[in-house]
1. Please work out the average accessible area per residue across segment 163-203, using the 1.4 Å probe convention, and give it in Å².
2. Quick check: at a probe of 1.4 Å, how many percent of the accessible area of segment 145-275 sits on carbon and sulfur atoms?
3. Give the dimensionless ratio obtained when the Cα radius of gyration of the chain is divided by 2.2 N^0.38 Å.
4. Whenever you get a sec, compute what percent of the accessible area on segment 36-143 sits on carbon and sulfur atoms (1.4 Å probe).
5. Once the other residues with Cβ under 11 Å from the Cβ of His28 are scored (Lys, Arg +1; Asp, Glu -1), what is the net sum?
6. Heavy-atom accessible area per residue, segment 278-379, 1.4 Å probe: how many Å²?
7. What is the distance in Å between the Cα centres of segment 380-436 and segment 124-178?
8. Arrange the residues Arg416, Arg21, Arg435, Arg174 by how much accessible surface each exposes, largest first, with a 1.4 angstrom probe.
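The values are calculated or read from the model by the stated rules, or taken from the named source; none is laboratory data. All figures in this text were calculated on a predicted structure; none of them were measured in a lab. Every residue, glycine among them, receives a Cβ derived from its backbone with ideal geometry; neighbour counts consider all protein chains shown. What goes into the accessible areas is simple: the full protein's heavy atoms, side chains included, and nothing from ligands, DNA or RNA. Shrake-Rupley method; radii C 1.70, N 1.55, O 1.52, S 1.80 Å.
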Amino acid sequence: MAEKQTDGKNSLSIRDNRTGRDYEIDIHEGDVISAMDLRQIKVEDDDFGMMSYDPAFKNTASTRSTVTYIDGANGVLQYRGYPIEQLAERSSFLEVAYLLLKGDLPDQDELDSFVHDVTFHTYVHENVIQLLEGFRYDAHAMGMLISSVAALSTFYPEAKEIEDPENRWIQIVRMVAKMPTLAAYAYRHHRGLPYVYPENELSYTANFLNMLFRIGVKEYKPNPVLERALDVLFILHADHEQNCSATTARVIGSAHADPFSAISGAMAALYGPLHGGANEAVLRMLERIGSVDNIPDFIEGVKNREERLMGFGHRVYKAYDPRASIIKRTADEVFEVTGRNRLLDIALELEKIALNEDFFVSRNLYPNVDFYSGLIYQSMGFPVEMFPVLFAIPRTVGWLAQWEEMLLDDEQKIARPRQVYVGQGERDYVPVGDRG
Ligand code: SDX
């Protein structure tokens, strides 16, 4: 490194060699410069000015946020400053939901009131059931969930009043409360089973399991280990700062669309196999590998770019995803109850090999939140189509927290990136008969 020539200023000195002009660009907190400060760099005075080019926003901060902090190099994840390990160990999903939405852990009265409000908003309008009946029996549950969440905006047209904090809050409560109901109804439709209505004396996750799995009994008692395991999984999936789907919620919300439409769009982004759809893709990958003996060939396929090791890699984490470690421990507790998932041996061997192969190590590819979660869901009796749905339910809280933070941020406007045009220059229209 060249000898440092510092003048102690918290800025960048930029020389534009095309013009010989010098510029001072302020450095803000966290080693950040404002992209708009680049616009002063021009050749001609009437030029548009300098822009940064960043496909997929790999090096672009779109917002300041106080919701979630990730240190990707060290595998750190905190919700409003609380380490994910402590929340998973000691909190509940609805308490974490309150934390993400309100910014602080609730006192007992606040928690009781929030749990009450969520509990008493779990029903959906009967017309929603008719909407779900319109889907084929084999419709993917995510397609049904995305559609029914968007449909909720037609039942609550006042949700468009996004400037009204009380109105925002009731819509937020409705979405947190109704997501398990819609998800369970999609599952029951898929199975051709009658719908089980919400039971208000059950906990959030027990009510969800009841709506999913109660068949032919007056009282469905979920196994407390599974009920707690699902609650922990919901905590782990609740938010993850500016991921693809949260950014989608923010972008749609920046146009001042209603929150149901914004969350439906975010859910569509999550559905992608590179994002929340990865948990389903992992299970299908493990089933396709079939046995530990087939792993070496599969790994070769990954190295030759014929395969992708789903559930591995992350844009931010360049160390082990802290959620994956907790999920792995939770899996052991679940398998005590459900019996060991036979695919676990393939997953563990895949991880062992990948963590020692240069192809993966050199690319910082570690298991992410989606690598082990599907094994738990499958052992709990969920079909693979429900796996991204089980991600979407808790992540609805994170999307809503990010959506509202965006609305209240004076620096935010409607999202509208620029482009670098590399298309055709101007040319004249040619009638179809004269085209070559
Ligand atoms: C989630 O952003 C979030 O926070 C998301 C999430 C959340 O909570 O919201 O954490 C949830 O989406 C987790 C990720 C789930 N997706 C998967 O498990 C799908 C498999 N993983 C990837 O496709 C990939 O790792 C991504 C999408 C997660 C990250 O992609 P990046 O950051 O764009 O990285 P990249 O595609 O540029 O990969 C860098 C290199 C490439 O090799 P080279 O071309 O440089 O030689 O690593 C390779 C990639 O080919 N690579 C993989 C790989 N992931 C990356 N090779 C094989 N298998 C993989 N899984």
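1. 38 Å²
2. Here it works out to 59 percent.
3. Rg over 2.2 N^0.38 Å, computed on Cα atoms: 1.11.
4. Carbon and sulfur together cover 50 percent of it.
5. Numbers: positive: Arg64; negative: Asp26, Glu29, Asp31, Asp37.
Residues close to His28 contribute a combined charge of -3.
6. Details: 4560 Å² over 102 residues.
So segment 278-379 comes to 45 Å² accessible per residue, rounded to a whole number.
7. Centre-to-centre (Cα) distance: 20 Å.
8. Sorted descending by solvent-accessible area, the residues read Arg416, Arg435, Arg21, Arg174.
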